[in-house]
Amino acid sequence: YIRKDKKRIFVLIGAVLIDKQKPSPRAMAFYLDITEQKELDRKKNEFISIASHELKTPLTSVKAFTQILMKQFEHNKDKKSLYFLTNINRQLDKLNELVSDLLDVSKIEEGQLHFENKLFYLDDLIKKVVVDFQYTTKSHMIIKRGETHAHISGDEHRIGQVVINLISNAIKYSPGSDKVIISFKDTPEKTTVSVQDFGEGISAGDKTKIFDRFFRSEKHEGSRISGFGLGLYITKEIIDKHQGSISVESVEGKGSTFS
Ligand code: ADP
């Protein structure tokens, strides 16, 4: 909106019908100046973008030197140093994932998250992700039920990221359980991949918010289960951009299925 003093402002406009009565129904409309909120949002996005870019470079180099040192300690059979360095390496991977998520978010906000478009076989991709996951996961069995015969046109790496996010959440939010099930359904129109866990589940109120940027369920804020609340936001963006859809079914205390 352009004000009388020629200043451009952002406005949020809404209306509600309060009385349907004919012949003169009544409604209420509102008009809110959200310029300040928009500016704060822009600054936040700018900060996320700069911070994630600046963190990525030193992190990549620390990771590279860590791997060189690990090889040396392995060669010298220095088991104690190798043990410490393996732990450092694992924490670096976690840090890398967080920074990558922040980078992805800033790319989404700037409309710069680009996707490759190649044909790939979905089953091969999921098989590989499951094998990689099982290699590092001792607490849960990742069970693949059936297979899909779908050839997908899109970004294989990004779709892999979606499957990784869903399995990783399924494990993270079901500490008392020991399995995660991945199942498939092919119809001529679409392929559905579901990731089911037997964990704590998601409340009806949270279900509508979990795909929002930075959303974490209240019970996880400050809890021992770490996270930024970005995984599902990025996941949804990737699926939307592939003309797909993502949904969740959940029963509190019984578990969740993301499809
Ligand atoms: P993060 O895991 O980093 O918090 P996500 O965007 O992946 O971020 O998830 C957002 C929130 O949704 C989580 O904080 C958690 O409260 C909830 N959530 C996601 N996946 C599950 C799941 N499988 N079971 C229960 N809650 C979940």
Would you check which residues across the stretch 138-156 are open to solvent by less than 20 Å² (accessible area, probe 1.4 Å) and either on the phi > 0 side of the Ramachandran plot or not hydrophobic (A, V, I, L, M, F, W, C) (or both) and list them? HIS140, THR148, GLY154, ASP155
Checking the conditions here, which among SER256, SER245, SER183, SER168 is of a type outside the set (Val, Ile, Thr), away from the ligand (no atom under 13 Å from the Cβ) and in contact with a helix residue (DSSP H, G or I) (Cβ under 8 Å, 6 or more places away or on another chain)? SER245
Test for LEU119: is it more than 16 Å from the ligand (Cβ to nearest atom), exposed (fewer than 10 other Cβ atoms within 10 Å of the Cβ), within 25 Å of the chain's Cα centre (by Cα) and at pLDDT 95 or above: yes
Just checking, which of LYS219, LYS209 is over 24 Å from ASP104 (Cα atoms) and within 9 Å of the ligand (Cβ to nearest atom)? LYS219
Within the stretch 26-44, how many residues are under 25 Å from the mean Cα position of the chain (by Cα) and open to solvent by 80 Å² or more (accessible area, probe 1.4 Å)? 6
Reported set for the stretch 108-143 where residues are closer than 14 Å to ILE164 by Cα and touching a helix residue (DSSP H, G or I) at 6+ places or on another chain (Cβ under 7 Å) is LEU125, ILE126, VAL129, PHE133, THR137, ILE142
Can you name the condition, by its number, that ILE48 falls short on among (1) out of contact with any Ser or Thr (no Cβ under 9 Å at 6 or more places or on another chain); (2) touching a residue at least 24 places away in the same chain (Cβ under 8 Å)? (1)
Going by the structure shown, is ARG158 closer than 24 Å to ARG90 by Cα, in contact (Cβ under 8 Å) with a residue 60 or more places away in the chain and within 16 Å of the ligand (Cβ to nearest atom)? yes
With the first residue restricted to the stretch 208-225 and required to be at positive phi, and the second required to be near the ligand (Cβ under 8 Å from one of its atoms), Cβ contacts under 6 Å at 6 or more apart or on different chains are PHE214/GLY229
The stretch 234-259 residues that are closer than 19 Å to ILE182 by Cα and of a type in the set (Ser, Thr, Tyr), paired with ones that are at pLDDT 95 or above and exposed (fewer than 14 other Cβ atoms within 10 Å of the Cβ) (beta carbon under 6 Å, 6 or more apart): SER259/SER247
Looking at the stretch 16-25, is at least one residue surrounded by 12 or more Cβ atoms within 10 Å (Cβ to Cβ), acidic (Asp, Glu), outside any helix (DSSP H, G or I) and touching a strand residue (DSSP E or B) at 6+ places or on another chain (Cβ under 9 Å)? no
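The values are calculated or read from the model by the stated rules, or taken from the named source; none is laboratory data. Given the structure is predicted, the values throughout are model-derived calculations rather than measurements. Methodologically, a virtual Cβ is constructed for each residue, glycine included, from the backbone with ideal geometry; neighbour enumeration extends over all protein chains shown. The area values use the complete protein model at the heavy-atom level, side chains included, leaving out ligands, DNA and RNA. Shrake-Rupley method; radii C 1.70, N 1.55, O 1.52, S 1.80 Å.
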